[in-house]
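The values are calculated or read from the model by the stated rules, or taken from the named source; none is laboratory data. Source: prediction; values computed, not measured. With ideal geometry, Cβ positions are generated from the backbone for all residues, glycine too; neighbour counts draw on all protein chains shown.
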Amino acid sequence: MAHPREGWQGHGLPRRTFLKAATALGGLAAGGAGALTGCASDLAGAGTIPLPRPEHPVTWPVVAGNGPIKAGLTAERDATLQIYTWEAYINQACVNAFAKKYKCKAEITTFNTMDEAMSKLRSGLSFDLLIGATVDVLGQLIEGQLVQPLNHSYLANIDQAWPDFTNPFYDQHWQYTVPYTIYTTGISWRKDLVHENPYTMKNPWAMPWQAKYKGRVAILDDYREGISLGLMKNGIYNLNTTDYRQIGLARESLQELSGLVNVRIDNTDYTEVPTGDTWIHTAWSGDMAAAASYMPKGVPVDVVGYWFPTDGKGPVANDTNVILKSASNPVLAHMFLNYVLDLPNVLENISFNGYMQPANGVTPQVLVKEQILPPSLLSTIVLPSYFRRGVSELQLPVGADALWQQAWLVVSNGI
Amino acid sequence: MTATNATASSSPAVAAAAAPARTRRLLRGNPWRHPWFLEGFTWLYLIWSLVPIAIAVLFSFNNGKSQAAWQGFSWRWYVGDPVNSVLHNPQLHAAVIQTVRLSVLTTVIAVPLGVAFALGINRWRGPVPATFNFVMILSYVVPELIFGVSMFFVFTTLFSTVHLGTTAEVLGLITWNVSWPAIVVQARLVTLGRQYEEAAADLGANQFQVIRRVMLPLLAPAIFASAVLVFSGVIDDFVIVDLLSSSAGNTPMSVIIYSTQHGGNGGPALNALGSIMLAMSLIIVIIGYVGYRLLTRGERGSGLAALTTIAGEGSPAAPVPLPLSRTKPSDS
Amino acid sequence: MRNRSGNKGKNAFWVALAAPGIIWLAILFIVPFYAVLSIAMGKLNQLFEAPVAVWNPASWSSSNVINVWRDLFGSASFAGPILLRTIVYVAVASLLCLLIGYPAAYFVARFAGRRKGLFLVLLIAPFWISYMMRMLAWIDLLSTGGYVNKALGWLGISPVNWLGGSSTTVILGLVYGYIPYLIMVLYAGLDRIEPALIEAGRDLGLGRTRTFVHVTLPLSRQAILTGLLITVLPMLGDYYTNQMLSGAASTSMIGNLIQGQLGTPGLEGQGAVLSLMLLLVLLIPMAYYVIATNREAAR
């Protein structure tokens, strides 16, 4: 299916990767005071960073030395807006258009994993904007004074986003963040190669556990998504569990999966399922939304399906955009955030990276009409009800996080 | 190889070998005939090695966005496409420039450093050189990831005046690649033995002359091979450079290809990048080779025996007027 | 072998040659290496889940080592099969590299004649197009509808699922990735073998095979040794091949485990420990190489 938006280049590395390839920094930079020479006395537990939950929303403090910029300032002149974001996450054409309109230059620097970004930011690299900050690192960003609070007077277009985001649980009164993408995690499958239909299965999350599809099953390479799959297969929907027994159960199920189907672990769902190399793949909604561009010649996009529980009880998440404290062009940065919240730019970015955004103007009808989404993949759309009801994978206390990490390490390097 | 040799050693050749073997046989048993089997084998290997490259280059000229389905010929990914071609996408062409910068700087520093190290270590006996020889090999053996991580750590905490960026990248790349010339040249030195130096010293050459007129030409293939290895090591490196980069301006092609392709599909623009890399490297090799031939034109005339040039013109068996006789097997 | 003019002045010359390299290594390799050690023996900053380097050996903490040891040898250990698998893959891949690479290098070094330049360029070409692009081209070729399966189809063989987590694919991928290095090193070494020596062998009545076995092979020993050093040791730390060509947990190598740990907040210390353990193991072949090289040099 031809894409009307010609500048569309195709995805790069999918974004939801906490545990990822080569660039392995793991926060080695000594961020904050005295993390270098044996100040191991700052073994403060994550109890000092509040853990946002839908039922325990968090209002971040605004510290004296780190206040928002004043209102009514003019944009910086002869500036180069420095954007730090995931690979292929924001449309270059959109950025170029902004640069032209506001008479500045714009430079995009990319990172491969959130971990890498955090390490580099803590080591002192400075940019204006961080596009695509995941919710679970907001605590580190804010408490580590790496981001600055927003001045809402520049961000009128927030009205175009869902009202939830003027007071999200992870950042009450949207002091530091505006929303960017929103997505779900479900199961994508080839309808022509797989007989089962997850919509009619009793336990759809158990769909990958079928020996007859040996060699054709894959799961996402992400420790939260992986262990969560194991949890949900066993009927556990607390995706932030700290119970070692539940985590152990999930791990065992995943090891069983590995033995059953020789499961592959990667993030290339959006090419593998369209080409038929993999028949069942746990997937992110944004990846599958773009399936049409990856279908081989002659194969219609309808053969690709994406399932998400109809009652909304599955992983939902959203990314945010923040302005870094070290920004040399904070006014332009605010204007850029405002610019990408505007509907035409929202649609342009959606068509570029495939990921939906929580804007009021983004409805299934609009997406189909603009040919951004084929009708067969409407299930990749995230409804406000999903967001409100959905279970989310959020920041864990350090001890529990270690359990999850360790379990995933065993699974991904297993038998 | 053994198959051919086996046939060579079968009936006629066995008889031939038994007899006084000054006469050449032109039968199947001729041990001097051209080794067709070996050549065929080599060509098979080359095809296996190069077909994916040919495909990658081919698809850089693809008219569509696919990297697998041919959709017609076009220059769009190089110059045509106004947003995403290498020419127009600032990220991509900054990457090309950075790759050139990094590879030239690193090769120019690492190769002399490594060659000097190999020469010095080879002659200087003692615990210090032995230890550092070991350290040099260790630097080769260390997994690149942990090396890169340690570099990142060091440049952001200990040596933080050298913050992340091109300088850090170059320093890291040199350290990572200096083991190529050190190991390869040293291996060749070992095989060479001391006969040439000693012969030259007998003729009155001082140490500088020995190095310049005798050792370096003898080591030319090893130096060349290690320069190739360093150059390509830098062009292809994405682990160290990714860790040490600080902005789009110092991100080379390898990291861009890695970042976008790792997920599976960055489009033919990346094939275009890869092809540019290939073309650049070929050009640099050709320039280097031509330069080398021009520079050593004088010496070649003097007929140093084992001056094996890479074009194979001076064959190792060329006779030599000097006392640097080529056959002293008992001395090596 | 004594230096003919053995006075201190001459020795200083060689010291001066080696000095820049030594100083460079000291600052930019030994220091970072010590940093790795400090991280491996260090503590954890719980706030950022980041490792904290402990520079003073007196305050080193062994918690990371204990954790890794437990992963390897404890009751809930899981890393044993990975080690075994890695060793098997690398052994098979190295053998294949040698079996394929030696003939090719030998041919080009000795028989290419006037076409040597052409062959060299062709041998070198893989180095200069990104390793990733080559791997991606292979993934394309090996995919279910790719040309390899199509070619098999012409021969009447049913398509193979090359990329579904197969150890064969990973091994072949390792061979493909590392063989150019082996060939270059072998070429540099084989190029030097005096044809006169081979002639001498023939003159003495040895047939082709026996000339090869008794003359060429021993002379190429150093080259093979260096070539194996250059290939085997990095192969043991490789993670990328498995990640690209398989991705299955059942084919993961020790490099994947290390990379996983280094990329996980909180586990970097353990990743550092595992890397150091890998290095300790690699010390043995390294030591052998150095000893063999010194022995060769002393001959």
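Some observations on this one:
- Residue tally, condition facing chain C (nearest Cβ under 7 Å), part of a helix (DSSP H, G or I) and β-branched (Val, Ile, Thr), over the stretch B:137-158: 5
- Spans of helices (runs of 4 or more DSSP H) in the stretch A:222-289 with at least 2 residues of a type in the set (Ser, Thr, Tyr) and more than 9 Å from every other protein chain (Cβ to nearest Cβ): A:244-261
- Here residue B:49 fits the description: crowded, with 18+ Cβ neighbours inside 10 Å and either polar (S, T, N, Q) or at pLDDT 90 or above (or both).
- Subset of the stretch C:272-299 that is under 26 Å from residue A:255 (Cβ atoms) and in contact with a Pro (Cβ under 9 Å, 6 or more places away or on another chain) - its residue that is surrounded by the most Cβ atoms within 10 Å (Cβ to Cβ): C:275
- Tally of residues being more than 14 Å from residue A:307 (Cα to Cα) and out of contact with any helix residue (DSSP H, G or I) (no Cβ under 7 Å at 6 or more places or on another chain) across the stretch A:370-382: 1
- For the stretch B:103-136, a tally of residues being at the interface with chain C (Cβ under 7 Å from one of its Cβ atoms) and charged (D, E, K, R) returns 1.
- Check on residue A:299, outside any helix (DSSP H, G or I) and crowded, with 19+ Cβ neighbours inside 10 Å: no
- Search result, residues across the stretch C:157-192 that are over 27 Å from residue C:91 (Cβ atoms) and at the interface with another protein chain (Cβ under 9 Å from one of its Cβ atoms): C:191, C:192
- Residues in the stretch B:104-126 that are part of a loop (DSSP other than H, G, I, E, B) and not aromatic (Phe, Trp, Tyr): B:125, B:126.
- Scanning the stretch C:83-110 for residues that are among the aliphatic types (A, V, I, L, M) and within 11 Å of residue C:232 (Cβ to Cβ), we see that the one that is farthest from the other protein chains (Cβ to nearest Cβ) is C:91.
- The C-beta contact set for the stretch C:133-153 (first residue more than 8 Å from chain B (Cβ to nearest Cβ), second residue surrounded by fewer than 18 Cβ atoms within 10 Å (Cβ to Cβ), distance under 6 angstrom, 6+ apart or interchain) comprises C:142/C:148; C:149/C:159.
- Residue match in the stretch B:224-240 (condition: hydroxyl-bearing (Ser, Thr, Tyr) and over 30 Å from residue A:125 (Cβ atoms)): yes
- Verdict on residue C:127 being closer than 23 Å to residue B:41 by Cβ and over 22 Å from the mean Cα position of the chain (by Cα): no
- Scanning the stretch B:234-270 for residues that are more than 7 Å from every other protein chain (Cβ to nearest Cβ), within 24 Å of the chain's Cα centre (by Cα) and modelled with pLDDT under 80 yields a total of 1.
- Considering the stretch A:315-378, the qualifying helices (runs of 4 or more DSSP H), each wholly inside and each with 3 or more residues that are crowded, with 23+ Cβ neighbours inside 10 Å, run over A:330-340, A:343-353.
- Looking only at residues of the stretch C:61-79 that are among the hydrophobic types (A, V, I, L, M, F, W, C) and over 19 Å from residue B:149 (Cβ atoms), we find that the one that is surrounded by the fewest Cβ atoms within 10 Å (Cβ to Cβ) is C:76.
- So residue B:109, is it more than 19 Å from residue B:279 (Cβ to Cβ) and touching a residue at least 12 places away in the same chain (Cβ under 8 Å): yes
- Residue count, the stretch B:74-89 (criterion: part of a helix (DSSP H, G or I) and buried (at least 16 other Cβ atoms within 10 Å of the Cβ)): 3
- Selection within the stretch B:159-186 - in contact (Cβ under 8 Å) with a residue 24 or more places away in the chain, within 9 Å of another protein chain (Cβ to nearest Cβ) and not in a helix (DSSP H, G or I): B:163, B:164, B:178
- Neighbours by Cβ (under 6 Å, 6+ apart or cross-chain): first from the stretch C:108-122, touching a residue at least 60 places away in the same chain (Cβ under 8 Å) and under 18 Å from residue B:222 (Cβ atoms); second in a helix (DSSP H, G or I) and aliphatic (A, V, I, L, M): C:109/C:190
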